[in-house]
Amino acid sequence: MRPARSAARRIGRGFASTTPSALCGVLAAALLLGTADALSWLFAPGSSPLIALGGLVIEQTPAAVQDAVIATFGTDNKTVLLVAMGVGGALLAGLIGVLGRRRRRTSALCVAAVGVGLVLIVAMRPDTGLADVVPTLVGTVLGAAALPMLLSAWSRPSQESPQHRRPDEPQDGPAEGIRSRRRFLGLAGAAAAVSVGTLAFGRSVASVTRDAAEAAADLILPRPVRAALEIPAGASVEVDGVEPFITPNDSFYRIDTALAVPELEPEDWSLRIHGMVEQEVTLDMDELLALPHEEHHITLTCVSNPVGGDLLGTATWLGHPVRELLARAGPLDEADMVLSTSIDGFTASTPLEALTDERDSLLAVGMNGEPLPRQHGYPARLVVPGLYGYVSATKWVVDLEVTRFDRAEAYWTERGWDAEAPVLVSSRIDVPRSLDAVVSDAVVIAGSAWAQYDGVAEVEVDIDGDGWRAADLAEEVTADTWRQWRLDVEGLAPGRHSATVRAITHSGAVQSGDRRDPIPNAATGHHRIEFRVE
Ligand SMILES: Nc1nc2c(c(=O)[nH]1)N[C@H]1C(S)=C(S)[C@@H](COP(=O)(O)O)O[C@H]1N2
Ligand SMILES: [Mo]
């Protein structure tokens, strides 16, 4: 009983004496990151150590973990990453603080070492230059200077034992203790306020300014030589809860590895087409905009979309046909792939054929009548009908290398995903929502189906395992867009029911019912929901 209690007391005391030093470490780290983040506003977005480190972590995270995070948190995956980084960083910083209780100089050196590591990470990011290390350098100096100050403000009267005091030194009375605690609280409060303030500035004020810059995006879209087909009223099944045929830009799903959206201005943009070509071609934005542009409705899909998921959307894209760009360069016969690269280093491998055949692959500059939003690739990106985004839809694209699949590998292929990934036929039930209660005389099951480039020919719904019934299809806009469907069901008894959907393409491919994870080439399985009839 006794020894246990005193051990507990010792641990308790240990905690009481280490917690403030750990807190000092966390404050110093927050000061480093906060000031650097706020200063990064004046430099490239990737110059914030938070963004640079996050980018590195994203690249180094095993594909299976990333996939699980994207499947679980969808487009919130970056928040999850930041929270995980915050917890990890706080632990490391706390440890440095505790170490600094006895060795203040060493702890300052530790902060400096971490800072130098961050400087190197920032410098090595694909979207930063040498000057972009300045914010991290400044933050490091502040953090390394603050830690010993905070630690000594905390420990001055209480930790230094009286034996070490020279006899002529005044005795620390309780008043001195209180004054010292006040000094610590003052310093700590100031450090906390500065870190919170700078972080809030770095993450919000700067992003507001950036949004303003985005709104003012001064790219004037060319008038298409070939306008998109008008979307017929019959393309919609007119059921509340089914996603609209055209996805508005601000609700279009966003998936990419960029923690900070690259800021690439049209005047700084150029595209280089090189590799296995007869002649290298380089093109700036004025030259691109002077070329004939076409408008096409194309549904874009993410390979990580879980069964029934919403990582897809349809937009009217305005762009110049990639086929014609490539024809200027003249791909060599042995080439079979185009490796496209983004300003932030992301790469995608697209079969050369998908960029040269008759399909409407675009180097897009417009999305639903506006310049591409920055998040979606401003000022230029690729859109290829029939392929998942990760092997085709490079945003902020600046480089096309004509090459071969046996010579080059793209970002996600290096992480275990297939090098080639045509879209698999898929379908989703939007209405009713899972576990909804429905009134018995008006059961409408509805949703969408997609099989870009092949096109959806049939959709079938199975109620309660009683066999497939044909759903009514909305008008097909093109084979490259999703297709809405509905099934009006009568005579369902009150109680629980289930509905399962599958789609069949024009070429006869039937959506597979085998449940399989997205990696390596998209999830398969039928979307099934349960609902209650009242
Ligand atoms: N530069 C860049 N482009 C990219 C990606 C990326 O990570 N970086 N992700 C791709 C993936 S996986 C998908 S699904 C689409 C998504 O495009 P969206 O964000 O405009 O919907 O972009 C593709 N293009
Ligand atoms: Mo994706």
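At a glance:
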item	result
Filter result for Leu300 (within 16 Å of ligand 2 (Cβ to nearest atom) and out of contact with any Ser or Thr (no Cβ under 7 Å at 6 or more places or on another chain))	yes
Any hit, the stretch 285-296, residues being within 15 Å of ligand 1 (Cβ to nearest atom), within 24 Å of Ile246 (Cα to Cα) and not small (Gly, Ala, Ser)	no
Hits in the stretch 484-534 - residues which are surrounded by 15 or more Cβ atoms within 10 Å (Cβ to Cβ), among the charged types (D, E, K, R) and under 30 Å from Gln66 (Cα atoms)	Arg502, Asp517, Arg528
Residues that are in contact with a Ser or Thr (Cβ under 6 Å, 6 or more places away or on another chain) and under 17 Å from Ala228 (Cα atoms), drawn from the stretch 323-372	Asn368
Of all residues in the stretch 218-275 being small (Gly, Ala, Ser) and touching an Asp or Glu at 6+ places or on another chain (Cβ under 8 Å), the one that is nearest to Phe43 (Cα to Cα)	Ala258
First in the stretch 298-314 and farther than 13 Å from Arg254 by Cα, second anywhere and at pLDDT 95 or above and near ligand 2 (Cβ under 8 Å from one of its atoms), Cβ under 9 Å, 6 or more apart	Gly309/Cys302
Residues located in the stretch 370-383, provided they are out of contact with any Leu (no Cβ under 7 Å at 6 or more places or on another chain) and either of a type in the set (Val, Ile, Thr) or in contact (Cβ under 8 Å) with a residue 60 or more places away in the chain (or both)	Glu370, Pro373, Arg374, Gln375, His376
Selection count where residues are at pLDDT 80 or above and surrounded by fewer than 18 Cβ atoms within 10 Å (Cβ to Cβ), scope the stretch 59-73	8
Residues being buried (at least 21 other Cβ atoms within 10 Å of the Cβ) and of a type in the set (A, V, I, L, M) - total across the stretch 40-52	3
Evaluation of Gly465 against (1) modelled with pLDDT under 95; (2) surrounded by fewer than 17 Cβ atoms within 10 Å (Cβ to Cβ) (one fails), failing number	(1)
Filter result for Asp256 (surrounded by 21 or more Cβ atoms within 10 Å (Cβ to Cβ), closer than 24 Å to Gln66 by Cβ and either touching a residue at least 40 places away in the same chain (Cβ under 8 Å) or away from ligand 1 (no atom under 16 Å from the Cβ) (or both))	yes
Exclusive hit being part of a helix (DSSP H, G or I), surrounded by 21 or more Cβ atoms within 10 Å (Cβ to Cβ) and not hydroxyl-bearing (Ser, Thr, Tyr), set Ala108, Ala90	Ala108
Subset of the stretch 489-504 that is of a type outside the set (Gly, Ala, Ser) and within 31 Å of the chain's Cα centre (by Cα) - its residue that is nearest to Val439 (Cα to Cα)	Thr500
Residue satisfying all of: in the stretch 330-385; within 16 Å of ligand 2 (Cβ to nearest atom) and surrounded by fewer than 22 Cβ atoms within 10 Å (Cβ to Cβ); modelled with the highest pLDDT among these	Thr347
Scan of the stretch 415-432 for residues that are surrounded by fewer than 18 Cβ atoms within 10 Å (Cβ to Cβ) and part of a strand (DSSP E or B), ordered by number	none
Checklist (1) at pLDDT below 95; (2) within 19 Å of Val26 (Cβ to Cβ) applied to Thr128, failing item	(2)
Residues of the stretch 259-270 that turn out to be at pLDDT 95 or above and either surrounded by fewer than 16 Cβ atoms within 10 Å (Cβ to Cβ) or under 17 Å from the mean Cα position of the chain (by Cα) (or both), as a count	1
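The values are calculated or read from the model by the stated rules, or taken from the named source; none is laboratory data. Because the structure is a prediction, the values reported are computed rather than measured. Quick reminder, even Gly has a Cβ in these numbers, built from the backbone with ideal geometry, and neighbours come from all protein chains shown.
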